[in-house]
Every structure is written in C-alpha cells, then in structure tokens.
Amino acid sequence: MSNSELILSIRNLTVKYRSRRGYVNALRNINLDIYRNEAIGIVGESGSGKTTLALAIIRQLPNNARIVSGSIIFYNDGNKVDLLTMNYNEFRHYLWEKIAFVPQGAMNSLNPVLKIRDHFIETVKAHNPDASKEEIVRKAREVLKITLLDPDRVLNSYPHQLSGGMKQRVMISLALILNPAVIIMDEPTSSLDVVSQKIILQNLKDIMRMFNVTMIIITHDMGVVAEVANRVVVMYAGKIMEVGDVESIFYNPLHPYTQGLLKAVPKLRGETELYSIPGEPPDLVNPPSGCSFHPRCPFAMDMCTINEPSLKEVNKGHLVACFKYET
C-alpha cells in the first residue's frame, strides 16, 4: 500500500441471524484492515457475507441479526472509536457524514414523491439543520456535475423521470454531499446496462481522485473489481479466504476458491469452455467442520476436514486461509 494509514480496523467480527432452522453463521471471526484513500473490492458468491459486513459497519443489520463478538474501529482526525459500542445518537452523525452507504438496488431507494432537489435538502438538513437551501442546492449541483449529470434537469425531476443509471448516480451524489471519509457501495452496477455500468465505473475512479475518499465496493462481478479496486477481499461462507492487491489476486490467486471464481469468468479470447465450481455453498446453519470450502475443493486434504486454516501472509500484503501454504 502506498498509503498505510488505517481508517477502519475490523477485529474478530462474528454475526448471526436468527431463523426458524437455527442461527445462520453469516460472519465468522472477520479480521480486516482498510486504509485511507484505497478502493477495496469485496467479492464472493451470494450468501458469502459481503452485504452483512457492510451493514455491520453502518449498524443497519436487520432485527433478526446479532453481533456475537468483535469491534469495528474507525480512525478519524487522530482519534479512534468503536462504531459498534458508541452511543447510537452519536453514531447517526457518523453515518453519512463520515461513512456513507449506497445500497444494492439504490435506484429504488429514492422517495418517489420527492424531487431530487428535496432529497439533497433533507439529507443535509438531517445533519446540519442550519444549512441554507441555497447552499445545499449549490453543493448538489457540484456533485451532480462530477457524476456526469445535468443539474438543471435532475434537481427538478422526480425519480421516475430518470433512467436507472441516472438514479444510481444520484445516489452516489447523495453519498458525496457531506464529504464522507468512507463510501460503501453494495453492487453499484447491478441491474444496469453495460453503457451505464461503464459510466459509473469511470465515475468511481474520478471520485476517488477528487474527493480522497475510501471506497468499499461489494460485488460478485470480478470485472468491476478489476476496473476500480486497488485491493481485493475474497469471502466464502462468512469467512475471508484471501486478501491481496488486485494484480496478485487476478494474476496469482492462491486460494482454490479464488482460482475457481476467476476461471468461471468468461474469456474473450482463448478458452471457450465455461468453468463452474462444483457443489453448492454450505449450509450456514450447520457449516462443515474444518475449512468451509473443503467439500468443493479439488485439493482438499484430510486436515482440511478437521481443522480450520487461519488467514496468513504468504507474500507481502497477500494473505490466504489455506493449508496448501502452511509452512
């Protein structure tokens, strides 16, 4: 990392969901450091825990969720606070001011009976009641231009008058309006056409450069990660399997699960036969013993069925949880 200044440090985070069948082990002992001004991509199959991790950071987990253990330390202006234990009224000021969130299906998160102008005004006034509407609209015009939207048209429109890609960029603009230090984006390009996806991905790179913001991008699309991220976290069954810079993950993946994910991406040239990882993700009410991936792993050994590998650094900044690399 060119900048090793921590902004978020997640330690021993375990989250469970209550269900009729028992407790779903959504996150299991997650440890992750996130640095200032980086774009970190969190990838994995559906149900791997990506969105749960994001919702835990912003304390928006559903009512049937329980944080069993762990801490999420946020570093801000020389101070550090545990987001999970701080008073919720105080945390509300961190949310959006310090850490903004663009949810999955963000285009459906806008109030259909409010003009876009009013969304910006309500967002800012919730944190700064004394802000003038004129100043809020002026700032809104600036961020809309950065996301390549026409402020004159967009501010006076209702959500239904905008395309899906435009609404997605409005949500990104709303996330930027209070200059947060961290923006979490959950599937920012899902359900969009390829042209809108390309515009948004280019926007994200420009936004990072202009706002000096840390981005956490949650996605199952490896192309999005390759386009935007500096570093990649690979999750499976509520665990982190591999962490590394984007070049290491794409050109030298170590974990068999990461290797399988990359082989499943269609190639424009060369191989034409599509690969799929055999089997199914495990039942997180009763996860398998040992390594969660061992029932689907082509390299599984006896020890993999009994013991759980820990996340260890194999090369500088490249960590993997796999017994293949134990010394």
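The values are calculated or read from the model by the stated rules, or taken from the named source; none is laboratory data. Fair warning: this is a prediction, and the values are worked out from it, not measured in the lab. Cβ placement follows ideal geometry from the backbone for every residue including glycine, while neighbour counts extend to all protein chains displayed.
So residue 246 passes all but one of these: (1) in contact (Cβ under 8 Å) with a residue 60 or more places away in the chain; (2) surrounded by 19 or more Cβ atoms within 10 Å (Cβ to Cβ); (3) not acidic (Asp, Glu). Which condition number does it fail?
Just one mismatch for residue 246, condition (2).
Are there any pairs with C-beta distances below 6 angstrom linking a residue in the stretch 5-23 that is assigned to a loop (DSSP other than H, G, I, E, B) to a residue that is exposed (fewer than 15 other Cβ atoms within 10 Å of the Cβ), with the two at least 6 apart or on different chains, and if so which?
21/285
Among the candidates 234, 246, 225, single out the residue that is at pLDDT below 95 and either within 25 Å of residue 278 (Cβ to Cβ) or of a type outside the set (Phe, Trp, Tyr) (or both). Step through it out loud before you land on a result.
Working: 234 fails: at pLDDT below 95; 246 fails: at pLDDT below 95.
Step by step, each of 234, 246, 225 is checked, and only 225 is at pLDDT below 95 and either within 25 Å of residue 278 (Cβ to Cβ) or of a type outside the set (Phe, Trp, Tyr) (or both).
In the set 206, 245, which member is outside the structural domain of residue 311 (by TED's automatic domain parsing), among the charged types (D, E, K, R) and more than 17 Å from residue 104 (Cβ to Cβ)? Full working, then the answer.
Values: 245 fails: outside the structural domain of residue 311 (by TED's automatic domain parsing).
Exactly one residue qualifies, and that residue is 206.
How do the pairs read when you match residues in the stretch 302-327 that are crowded, with 16+ Cβ neighbours inside 10 Å with residues anywhere that are of a type in the set (S, T, N, Q), using Cβ under 6 Å and keeping only pairs 6 or more apart or on different chains?
As it stands, the answer is 318/248, since those pairs meet every condition given.
Do you know which of the residues in the stretch 13-43 that are among the polar types (S, T, N, Q) and within 26 Å of residue 317 (Cα to Cα) is surrounded by the fewest Cβ atoms within 10 Å (Cβ to Cβ)? Walk me through how you get there before you give the answer.
Applying the first criterion (among the polar types (S, T, N, Q)) to the stretch 13-43 yields 14, 19, 25, 29, 31, 37.
From what is left, the residues that are within 26 Å of residue 317 (Cα to Cα) are 14, 29, 31, 37.
Values: 14: 17, 29: 18, 31: 15, 37: 18.
My answer is 31.
Please go through the stretch 155-176 and pick out each residue that is closer than 16 Å to residue 124 by Cβ and surrounded by fewer than 21 Cβ atoms within 10 Å (Cβ to Cβ).
The answer is 155, and nothing else.
Could you grab the pairs with beta carbons closer than 9 Å, sequence gap of 6+ or different chains, first residue in the stretch 78-91 and closer than 17 Å to residue 66 by Cα and of a type in the set (Phe, Trp, Tyr), second one at pLDDT 90 or above and surrounded by 10 or more Cβ atoms within 10 Å (Cβ to Cβ)?
Taking only residues 6 or more apart or on different chains, the pairs are 88/59.
Picking from 69, 46, 4, which residue would you name as being at pLDDT 95 or above and surrounded by fewer than 17 Cβ atoms within 10 Å (Cβ to Cβ)? Outline the logic, then answer.
Working: 46 fails: at pLDDT 95 or above; 4 fails: at pLDDT 95 or above.
Result: 69 is the single residue among 69, 46, 4 that is at pLDDT 95 or above and surrounded by fewer than 17 Cβ atoms within 10 Å (Cβ to Cβ).
Which pairs turn up if I take residues in the stretch 51-70 that are under 22 Å from residue 183 (Cβ atoms) and look for partners that are assigned to a loop (DSSP other than H, G, I, E, B) and of a type outside the set (Lys, Arg) with beta carbon separation below 6 Å, at least 6 apart in sequence or on another chain?
Close Cβ pairs satisfying both conditions: 55/61.
Residues that are farther than 30 Å from residue 18 by Cβ: find the strands (runs of 3 or more DSSP E) completely inside the stretch 218-327 holding 3 or more of those. Reasoning before the result, please.
Numbers: elements: 231-236, 239-245, 312-315, 318-320.
Because the criterion is at least 3 residues that are farther than 30 Å from residue 18 by Cβ, the strands (runs of 3 or more DSSP E) in the stretch 218-327 that meet it are 312-315, 318-320.
Results for (1) closer than 25 Å to residue 32 by Cα; (2) part of a helix (DSSP H, G or I); (3) out of contact with any helix residue (DSSP H, G or I) (no Cβ under 8 Å at 6 or more places or on another chain); (4) without any contact (Cβ under 8 Å) to a residue 40 or more places away in the chain, shown as yes or no for each residue.
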{"position": "140", "(1), (2), (3), (4)": "no, yes, no, yes"}
{"position": "172", "(1), (2), (3), (4)": "yes, yes, no, no"}
{"position": "185", "(1), (2), (3), (4)": "yes, no, no, no"}
{"position": "189", "(1), (2), (3), (4)": "yes, no, no, yes"}
{"position": "195", "(1), (2), (3), (4)": "no, yes, no, yes"}
{"position": "204", "(1), (2), (3), (4)": "yes, yes, no, no"}
{"position": "210", "(1), (2), (3), (4)": "no, yes, no, no"}
{"position": "215", "(1), (2), (3), (4)": "yes, no, no, no"}
